[in-house]
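S.K.: Pasting a structure here, questions to come.
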Amino acid sequence: MNRPSTDELINLIEQEIPKERVLRNLADRYSYSYDASFGEYLPDLVVQALTKEEVSFIIKLANEHRIPVYPRGSATSLSGGSLAVNGGIMLDMSQFEKKLMIDQENLLAIASASVITSEIHEAAENVGLFYPPDPSSSHVSTIGGNILENSSGPKGLKYGTTKEYVIGLEVVTPTGEIIRTGGKTVKNVTGYDLTRLIVGSEGTLGVVTEAIIRLIPKPEDRKTLLASFDSLINSGKAITNILASGILPSAMELMDNACIVAVENYIPSGLPIEAEAIIIIEVDGHKSAIQEEIDKCAEVCERFNATSVKVAKNELEREQIWKSRRMVSPAITQIGPTKISEDATVPRSKIPEMMEKLSEIREKYKLNLVVFGHAGDGNLHPNILTDKRNIEEMKRVEEAVSEIFEAAIELGGTLSGEHGIGTLKAPYMSLELGEDGLMMMQKIKEAWDPNNILNPGKIFPQEGQTKVVLI
Amino acid sequence: MKTDDIDTKYSEKLYELSYDAANMCVQCGYCLPVCPTYLTMGNEAQSPRGRINLVKMAAEGKIDIINDLKEPMDLCLGCRACEVACPVNVPYGDIYGAALNVIAEKEKATKSPPTMSDKLLQTMLKNLFPKKNRLRTAGSFLWFYQSTGLSKITQNTKIVEMVSKPMGQFERALPKVESPTKRYKFGEHYKAVGERKMIVAFFPGCIMDAVMSKINRQSIELLQKCGIEVVIPQNITCCGALHSHQGEVDATKKLAKQNIEAFEELGVTYLINNAGGCGAMLHEYDKLLADEPEWKNRANKFVDRSRDITEVLAEIDDIPYEKEWQGVITYQDSCHLRNVQGVVDPPRKLLKSVPGATFVEMKNSHLCCASGGIYNLLNFEESMEILDEKMLHAIKTEASTIVTTNPGCLLQMRLGIERSGVKNNMQGLHLIEVIAEACGIN
């Protein structure tokens with residue numbers, strides 16, 4: 001079937017959607033050609049949908065005429081989740097009608113797709129409740145985007161990731177039907193668990209229009225410590241021993257020497273620049289319990305030869321500790337304008353080995369590679385800082401990225417802990433899943449989306465594609 | 001030159017001026033929630049991340065500087081809230097300035113016929129704002145117009161509104177101009193009351209000098225009453241912000257140099273201004289003159305000595321208050337004071353110190369009111385959409401006074417009060433008017 005021309009397509013769309021929400025000029029198209037990852041793909045047009053009926057209309061039309069559609073929230077994705085790799089329609093969901101309701105009795109939040117994630121945090125906390133998933137982009141990203149990318153942030157260790165909190169969805173399928181999955185009950189074993197299938201599906205199986213989200217009571221208080229180590233192995237041992245001692249911190253963050261130096265160069269705050277690693281540990285819960293727990297964490301750090309352990313005495317000191325962690329991203333971009341941010345994840349016992357492997361990769365390819373991340377759940381963020389205009393270096397980056405993925409999988413880990421597969425990691429899928437495992441996933445995609453119109457080019461490798469190509 | 005060559009020439013210039021800075025953007029989107037035009041227009045092209053990307057695309061020659069880049073840049077308020085929100089310190093102001101500069105140059109070179117409003121604007125930039133006497137004369141006309149009752153007649157007949165809707169609406173929001181006989185003089189020293197604590201120069205600005213000279217006079221008297229001697233530099237001129245916003249780099253530099261010289265002659269501690277927008281421009285003369293080595297030290301020294309009046313007043317412990325203020329006061333930040341000069345607390349501290357007043361912070365006071373230089377005249381509808389949203393938050397505070405620290409913002413808030421129909425319960429004032437009145441200065 002011949003694809004209609006863009007003009008014909010626009011005429012069809014404008015029968016249902018007012019033309020101020022159908023964007024077609026070059027400036028608008030370029031403005032929806034990127035996300036926070038690496039890559040630029042120009043869509044043919046952008047449609048801003050406000051209702052589920054409009055989403056359904058667009059997708060039905062696209063399905064009939066075989067036109068690719070890419071759902072997009074705030075485009076904070078680090079894996080290329082919303083990029084228009086095959087041209088077609090960019091479906092902007094950021095302007096979708098906003099609806100947020102907290103159901104206190106049932107400990108639930110009901111949110112439409114365009115609600116900003118931090119608005120859910122705020123609304124829940126106003127009534128003493130808590131929505132733990134907290135990606136660092138939470139004050140920008142939409143809940144719809146978070147759900148489709150299954151992005152979670154530092155609290156995964158104790159509270160689990162986004163998929164543990166989404167219990168019901170309203171979804172427009174790739175053929176344009178509006179369906180509901182799951183519901184308002186925490187227990188639900190009716191048929192296949194389509195909710196879980198859609199969470200993290202990166203917009204390839206449907207466009208989320210509304211979500212039912214589980215909330216939990218807000219922890220009463222929290223305590224935070226910062227420990228420095230002159231051996232990476234010891235910091236890793238401290239982490240695993242704290243967990244083995246029966247304490248489940250709400251966050252355990254790690255920064256390597258390169259990050260420490262970068263932060264100190266950026267905004268000096270007294271971090272030990274000679275340390276090989278620092279870790280930040282936070283516990284939350286009942287007041288009396290957390291005092292005992294943080295003391296025990298300090299004790300374990302000292303047992304593994306921490307060179308210094310500092311427990312924050314008040315909110316100001318706590319804020320100072322977290323500031324050094326938050327400064328990592330801005331600090332490291334001073335090293336190079338192009339930032340390739342990975343989220344290879346390993347079983348937490350393998351963190352020291354993974355760190356060593358990353359250090360070898362850094363030496364081998366002579367790259368600015370720094371590591372930080374959520375050590376408690378094994379979700380590391382190796383970041384390569386480069387300049388995409390330096391073609392020779394970019395080629396070395398491609399090799400290094402491949403080796404990072406291979407290393408994570410060899411250690412029993414996974415390609416992605418929270419950023420998703422998108423375009424960058426698709427070539428490595430069979431490495432983790434095996435050919436048959438990947439084929440089962442592909443069969444699901446084909447069953448849901450027989451014409452491959454919804455967010456094509458993501459998750460699954462193109463034919464013959466075996467490694468990432470950045471340039 | 002062929003059209004293609006012209007295109008390449010300007011995209012190359014844009015590349016040279018802005019590409020490295022634009023390339024620093026990691027497109028994380030952290031600037032989206034603080035951008036007033038993104039929030040009201042809901043379009044990525046009207047967001048900082050979008051605009052930086054478009055500058056990059058234009059510099060790479062993928063889009064046209066006039067057809068594709070001009071409109072999104074024109075619709076930017078230049079409030080620079082995005083700079084404060086940016087986790088990697090992308091210098092948005094520099095990118096924005098470079099884009100405006102190249103757009104203006106290309107427009108001139110390609111001789112696209114200027115519209116009537118372009119022509120009027122150019123005439124004003126060249127012949128009105130830098131000429132303080134002409135502008136003062138205009139101010140005097142306005143005084144005449146208001147005091148003879150002519151304004152009442154035109155307002156009742158809506159004659160100005162028929163010519164231009166924005167002009168008509170602003171005309172109604174204009175504060176009452178003070179009689180020309182009450183004007184302070186250039187070159188004059190105004191002695192401190194009591195023991196002299198310091199001596200400063202005062203920057204009168206152009207619009208402030210012409211139509212809000214009362215606020216300038218009150219600023220001077222207030223400083224005097226706080227023990228500060230004030231000099232009005234003889235040769236001081238317009239700060240150049242309006243020229244800079246229109247991409248007129250050479251004209252801006254010329255004004256900057258004149259101001260630096262006028263200040264240097266005096267050898268005083270600070271140059272104090274009371275307009276957030278002018279202050280921001282003065283604050284960045286070092287950047288403006290960065291490529292002129294012979295001006296480097298002079299510009300740095302000038303910038304070091306520039307202060308907003310609230311910074312100086314907030315340091316004074318014993319402001320000589322004489323009267324109680326009635327009612328709730330809320331504050332709308334001047335973006336250029338907050339985001340460029342980093343002055344956030346001093347105005348709030350001052351307002352909280354006014355005896356009898358209750359200070360209530362309004363939601364989103366940090367978001368731009370959409371006055372943005374002359375943005376509200378050039379992009380009236382877009383600006384009003386942002387303003388109307390702002391007024392909802394202002395009204396919620398139950399304030400009887402909205403305070404600002406910049407003439408553009410002041411006019412805008414007064415217009416907001418008119419538009420939302422709360423004129424009988426609410427007034428818009430400059431911070432100096434509030435403090436001065438509480439100190440018994442009329």
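S.K.: Summing +1 for each Lys or Arg and -1 for each Asp or Glu, what net charge is found among the other residues whose Cβ lies under 15 Å from the Cβ of B:K214?
M.R.: +1
S.K.: Here is a follow-up. Extension gain B:N127-B:E60, at 0.36 nm per residue separation less the Cα-Cα distance, in nm?
M.R.: Residue separation times 0.36 nm, minus the Cα-Cα distance, leaves 20.5 nm.
S.K.: How would you order A:82-95, A:60-73 from highest to lowest mean count of nearby Cβ atoms within 10 Å?
M.R.: A:82-95, A:60-73
S.K.: Now for a different question. Using all Cα-Cα distances in chain A, what percent lands in each 20 angstrom bin from 0 up to the longest?
M.R.: 24, 55, 20, 1
S.K.: Quick one: if you stick a label point 7 Å off each Cα along the C-beta vector at B:N442 and B:K254, how many nm between them?
M.R.: Placing both labels 7 Å along Cα→Cβ, they lie 4.3 nm apart.
S.K.: Let me ask something else. Using a 1.4 angstrom probe on the protein heavy atoms only, line up A:D436, B:D317, B:D333 by accessible area, largest first.
M.R.: My answer, sorted largest first, is B:D317, A:D436, B:D333.
S.K.: Scaled to the compact-protein estimate 2.2 N^0.38 Å, what is the alpha-carbon radius of gyration of chain B, rounded to two decimal places?
M.R.: 0.97
S.K.: Can you list the HN-Hα couplings for segment A:397-406, worked out from phi with the Karplus curve (6.51, -1.76, 1.60; θ = phi - 60°), rounded to whole Hz and with x for Gly and Pro?
M.R.: Couplings: 4, 3, 4, 4, 4, 4, 5, 4, 4, 4 Hz.
S.K.: Can you give me the solvent accessible area of A:S269 with a 1.4 Å probe, rounded to the nearest 10 Å²?
M.R.: 70
S.K.: I've got another one for you. How much solvent-accessible surface does B:D209 expose, in Å² to the nearest 10, with a 1.4 Å probe and all protein chains in place?
M.R.: Its accessible surface works out to 0 Å², give or take rounding.
S.K.: In whole percent, how big is the carbon plus sulfur part of the accessible area of segment A:109-203, probe 1.4 Å, protein atoms only?
M.R.: Summing carbon and sulfur atoms, their accessible area is 53 percent of the total for segment A:109-203.
S.K.: Shifting gears a bit: Among the trypsin sites (Lys or Arg not before Pro) in segment A:294-324, which ones are in a DSSP loop with at most 16 other Cβ atoms within 10 Å of the Cβ? Mind listing them?
M.R.: A:K313
S.K.: To continue, here is another question. Do any trypsin sites (Lys or Arg not before Pro) in segment B:229-325 lie in a loop, going by DSSP, with at most 14 other beta-carbon atoms within 10 Å of their beta carbon, and if so which?
M.R.: Hits after loop and neighbour filter: B:K323.
S.K.: Return the percentage of antiparallel bridges among DSSP beta bridges fully within chain B, rounded to the nearest 5 %.
M.R.: 10
S.K.: Follow-up question, since we're still on this one. Report the local net charge at A:G270: Lys and Arg +1, Asp and Glu -1, summed over other residues whose C-beta lies under 13 Å from its C-beta.
M.R.: My count for the surroundings of A:G270 gives -1.
S.K.: Are there GluC sites (Glu not before Pro) in segment B:386-436 that DSSP marks as loop and that have at most 14 other Cβ atoms within 10 Å, and which are they?
M.R.: Sparse-neighbourhood loop GluC sites (Glu not before Pro): B:E398.
S.K.: May I pose another question? Considering every pair of different Cα atoms, what Kirkwood radius, in Å, is found for segment A:23-141?
M.R.: Its Kirkwood hydrodynamic radius stands at 15.6 Å.
S.K.: Mean residue ellipticity at 222 nm from the helices of chain A, using -39,500 (n - 2.57) per DSSP H segment of n ≥ 4 over the full residue count, to the nearest 500 deg cm²/dmol?
M.R.: It comes out at -10500 deg cm²/dmol, rounded to the nearest 500.
S.K.: Then there is this: Using Cα pairs closer than 8 Å and at least 6 residues apart in sequence, work out the relative contact order for segment A:26-77, in percent.
M.R.: Contact order relative to length: 38 percent.
S.K.: In nm, to one decimal, how far is the B:F186 label point from the A:K388 one, both placed 7 Å along Cα→Cβ?
M.R.: Result for the modelled spin labels: 5.1 nm.
S.K.: For chain A, what is the accessible area per residue in Å², given a 1.4 Å probe and the full set of protein chains?
M.R.: Result: 40 Å² of accessible area for each residue.
S.K.: Which value, in square angstrom to the nearest 100, describes the accessible area buried between chains A and B on both sides, using a 1.4 angstrom probe?
M.R.: 2300
S.K.: Roughly how many Å is it from the Cα centre of segment B:173-218 to that of segment B:379-404, as a whole number?
M.R.: Value for the Cα centre distance between the two parts: 28 Å.
S.K.: How much accessible area per residue does chain B have, counting only protein heavy atoms and a probe of 1.4 Å, in square angstrom?
M.R.: 42
S.K.: Taking just the C-alpha trace of the protein assembly as shown, give me its Rg and Dmax in Å.
M.R.: 29.8, 90
S.K.: Mind giving me the nanometre distance, one decimal, between the label points for A:I179 and A:E319, set 7 Å out from Cα along Cα→Cβ?
M.R.: Roughly 4.8 nm, to one decimal.
S.K.: Under the rule that a partner needs its Cβ under 4.7 Å from the first Cβ, which Cys of chain B have none?
M.R.: Cysteines lacking a close Cβ partner in chain B: B:C25, B:C28, B:C35, B:C76, B:C86, B:C226, B:C369, B:C409, B:C439.
S.K.: Calculate, in nm to one decimal, what A:Q104 and A:K310 gain on full extension: separation in residues at 0.36 nm each, minus their alpha carbon distance.
M.R.: Taking 0.36 nm per residue and subtracting the Cα distance, the gain is 70.4 nm.
S.K.: For A:Y192, B:Y96, what's the largest-to-smallest order of accessible area, 1.4 Å probe?
M.R.: Solvent-accessible surface, decreasing: A:Y192, B:Y96.
S.K.: Students often forget the sequence filter, so: which aspartates and glutamates lie under 13 Å Cα-Cα from B:K126 once same-chain residues fewer than 8 apart are removed?
M.R.: B:D118, B:E248, B:D250
S.K.: For segment B:92-101, just list the computed ³J(HN,Hα) in residue order, Karplus coefficients 6.51, -1.76 and 1.60, θ = phi - 60°, integers in Hz, with x standing in for Gly and Pro.
M.R.: So the Karplus estimates, Gly and Pro as x, are 4, x, 5, 5, 4, x, 4, 5, 4, 4 Hz.
S.K.: Counting only helical runs of four or more DSSP H residues, what would the 222 nm mean residue ellipticity of chain B come to if each run contributes -39,500 (n - 2.57) and the total is spread over all its residues?
M.R.: Estimated from H runs of four or more residues: -15500 deg cm²/dmol.
S.K.: Still on this structure, please answer the following. What list of ³J(HN,Hα) values in whole Hz, one per residue of segment B:263-275 in order, does the Karplus curve 6.51 cos²θ - 1.76 cosθ + 1.60 (θ = phi - 60°) give from phi, with Gly and Pro shown as x?
M.R.: Karplus-based 3J(HN,Hα) across segment B:263-275 equals 6, 4, 4, 8, x, 9, 5, 10, 10, 9, 10, 10, 10 Hz.
S.K.: Which whole-percent values make up P(r) of segment B:301-414 when all C-alpha to C-alpha distances are grouped in 5 Å steps starting at zero?
M.R.: Calculated P(r), rounded to whole percents: 2, 11, 20, 22, 19, 13, 8, 4, 1.
The values are calculated or read from the model by the stated rules, or taken from the named source; none is laboratory data. All values derive from a computational prediction rather than experimental measurement. Using ideal geometry, Cβ is built from the backbone for each residue, glycine included, and neighbour counts are taken over all protein chains shown. Only protein heavy atoms, including side chains, enter the accessible area calculation; ligands, DNA and RNA are left aside. Shrake-Rupley method; radii C 1.70, N 1.55, O 1.52, S 1.80 Å.
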